[in-house]
Structures are given as structure tokens and as C-alpha cells.
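Peer 1: Provided herewith is a single structure, encoded as C-alpha cells, for subsequent inquiry.
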């Protein structure tokens, strides 16, 4: 059923990610203080709302990953727990951009809430520049790393890049650029492609991503490829010329983005995202804490493409 969860689902949790693994649900997201990584676990999606967050890592007082911890994701790769996140050495901008780089934490214990997380490792890419919003997916028997990064030679804030993984913290080979901001709806306020997420349906692999400034202009784009095609050949990818999910002025839902996907208890697909319920974000929307985690079921069209609908209005209980 659509809108089967309260909206917001969890308040003041941006960049949300839910992992279903071994009959449990795990929730991780950016916290307003940008100072730690915390995980919630429950036996159901609904149970995540009341689950006690467990802090598994806190930022150091200084150093390259000591500020602005954001966009964490929790994955299981070859039996190991992996948290990807972005962090900066300082809050100040350089050349108009934040200074984030990508990092990975690995835990080999069975329980990620009680386990011993190894020291933080940086995930190096092909350019030493702003990089963030990394995700992982398995496809064609390989592990893939997908992220957003600034190329100083390309106008705009960030593009999307794809590469294979040698291990959870090491990229294999030369990445390819999947997408760059080019349409007007990708360049409103800022020229941004970020927050990618992969999902397979039928004979297609889809990648959603967030575009434009993180205010009411924020919206989702869509890339697709045949599941048998080579993902490292850019000609095999197709990009939607229009956003596939965006602000609903009627429902007072503004700037939905940072999509991820999970399955409910019946195995149906659920989209996990954040959005605001007001347009007043203060001086800069990045610093506003009121991007709330929201959930929504969706369906697939007859042509195999996803239909995400529109962001539902706030409601305090499930209908």
C-alpha cells in the first residue's frame, strides 16, 4: 500500500539509507551535528522509528576526516560490513566548494552494532577533489562503486562516476563519468549530480541521482542500462531528459532527493529519501537540519521503468 508509514518517518535525518539483511533492517543517515555515524536496527521497517541509535564511530577532533560527516551508507560486501561516508578536514569552502573526500569503515564481526570497526580508510579516486555520496551495488558478478565528484575541468559542482572495486576501499581501473549536469533542472541554483542509487528491475539496471541545489529545486534524475550491456561503456547508458521525482507544492514537500531502496517485509520495493516540508532553509540549505527521512512504495510501468509518483504530504500515522 502506498504511504504505509508516517511521514516524516524519522525527523532530521538526511541522506537516509536502509539495509535489509538476515531478517533485520538497518538504518543509517546524516545527523544534524555532522559528527558521528550511528546505526539503528529493527525486525521491521516500522520498528526503525523507535529503535535506539547506536554510535559506531565518532569523528576525531582534527585531521582529514574531522568535519561535516555526511551521507553514510551501510553495505555487506563479501561478508564484511562496510560504511561509506564523506568527510572534510574543515568547514570552510575552497573555490566555492566544500572539501569532502570519501572514506570507508570495515567491520568483520557478525554484529555491526557491537563489532570492532577497523581504522578509517580513504577511498581514492582518479582526481583529488570534492567527492562524496558513494554507494555500492553488485552486478554481473562484480562489485561496483558509484559516487559524485568535482572535475576541475568541467563546470559545475559534481558529476557521477562509476568504477569496479578491488576491495571495499580500493577502486579498480579507470572510472567512467556516467552523467554531468546538463539540463536546466540539473543546474538550478547549483549544477549538481550526486546521491546515486542503483536498482535492478527485469532486464534493466537503473541509477537514480539527485540534481540541483538542495532547496526546493532538488530533484531526482534517472539513468538506465540493459543488464547484459557493459556498464563501463558510456554509450550503453541512457539518461532521462526530465526529472522523475521532485517538489510537490500541493503536498508541501520540497526538494526530495538522496534516494536509496530497500524491500519491505513482503518483498516489495520501497524508496527511501529525504525532503523538507518548508522552503525557508535559512542562509544556506545545506546547514538546515530539517531534511527528514521519508518512505514511499512505488510501482513499475508496463515498459519496465519506475514510476515514483509524487512525494506524499506529511501525516502523523499510516492510513
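Each reported figure results from applying straightforward, stated rules to the coordinates on display, with no laboratory input. In this text the structure is predicted, and so the values were computed from the model without any measurement. Glycine also receives a Cβ, built like all others from the backbone with ideal geometry; neighbour counts cover every protein chain displayed.
Peer 1: When the chain is fully extended, how far beyond the present Cα-Cα distance does residue 201 get from residue 21, taking 0.36 nm per residue of separation?
Peer 2: 62.8 nm
Peer 1: Still on this model: Figure the gain on full extension for residue 139 and residue 127 (residue separation times 0.36 nm, minus the Cα-Cα span) and round it to one decimal in nm.
Peer 2: Length gained, residue 139 through residue 127: 1.8 nm.
Peer 1: Another one. Name the residue, out of 93, 222, 263, whose mean-square fluctuation peaks in a Gaussian network model built on the chain with Cα pairs under 10 Å.
Peer 2: 93
Peer 1: Now for a separate question. Take residue 118 and residue 248, extend 7 Å from each Cα along the Cα→Cβ direction, and tell me the distance between the two endpoints in nm.
Peer 2: Each label point lies 7 Å from its Cα, and together they span 4.3 nm.
Peer 1: Next question. Just need the Rg to Rh number for the range 14-307, please, alpha carbons only, Kirkwood Rh.
Peer 2: Answer for the range 14-307: 0.93.
Peer 1: With the chain treated as a Gaussian network of Cα nodes joined by springs under 10 Å, which of 197, 46, 163 yields the largest mean-square fluctuation?
Peer 2: Sorting by GNM fluctuation, first place goes to 46.
Peer 1: Beyond 19 Å, what share of the Cα-Cα pairs of the range 156-222 is found? Please give it as a whole percent.
Peer 2: Counting every Cα pair in the range 156-222, those more than 19 Å apart make up 41 percent.
Peer 1: Once you sort the root eigenvalues of the Cα gyration tensor of the range 255-296 as a ≥ b ≥ c, which label holds: rounded (a/c under 1.5), prolate (a/b larger than b/c) or oblate (the other case)?
Peer 2: Cα axes put the range 255-296 in the prolate bin.
Peer 1: Using a simple spin-label model with points 7 Å from Cα along the Cα→Cβ vector, what separation in nm is obtained for residue 153 and residue 286?
Peer 2: 2.5
Peer 1: Still on this structure, I have one more. Roughly speaking, what % of Cα-Cα pairs in the range 248-319 are separated by over 16 Å, rounded to a whole number?
Peer 2: 56
Peer 1: For the chain, what's the relative contact order in percent, using C-alpha pairs closer than 8 Å and at least 6 residues apart?
Peer 2: 17
Peer 1: For the pair residue 44/residue 174, report the inter-label distance in nm, with labels modelled 7 Å from Cα in the Cβ direction.
Peer 2: Using points 7 Å along Cα→Cβ, the separation is 5.2 nm.
Peer 1: If the chain between residue 62 and residue 110 were fully stretched, how many nm would it gain, using 0.36 nm times the residue separation less the Cα-Cα distance?
Peer 2: Length gained, residue 62 through residue 110: 14.2 nm.
Peer 1: Still on this model: Which residues in the range 53-92 have a backbone N closer than 17 Å to a point placed 7 Å from the Cα of residue 11 along the Cα-to-Cβ line?
Peer 2: Of the residues in the range 53-92, 53 have backbone N under 17 Å from the label point off residue 11.
Peer 1: In addition: Beyond 11 Å, how much of the Cα-Cα pair distribution for the range 54-97 remains, as a whole percent?
Peer 2: Roughly 72 percent, once rounded to a whole number.
Peer 1: Averaging over every viewing direction, what projected area does the convex hull of the Cα atoms of the range 9-82 cover, in nm²?
Peer 2: Spelled out: convex hull of the Cα atoms, projected over all directions, averaged, 5.3 nm².
Peer 1: Ok, one more. How would the range 58-201 be classified by its alpha-carbon gyration tensor: rounded, prolate or oblate, with rounded meaning a/c under 1.5 and the a/b versus b/c comparison settling the rest?
Peer 2: Here the range 58-201 falls in the oblate category.
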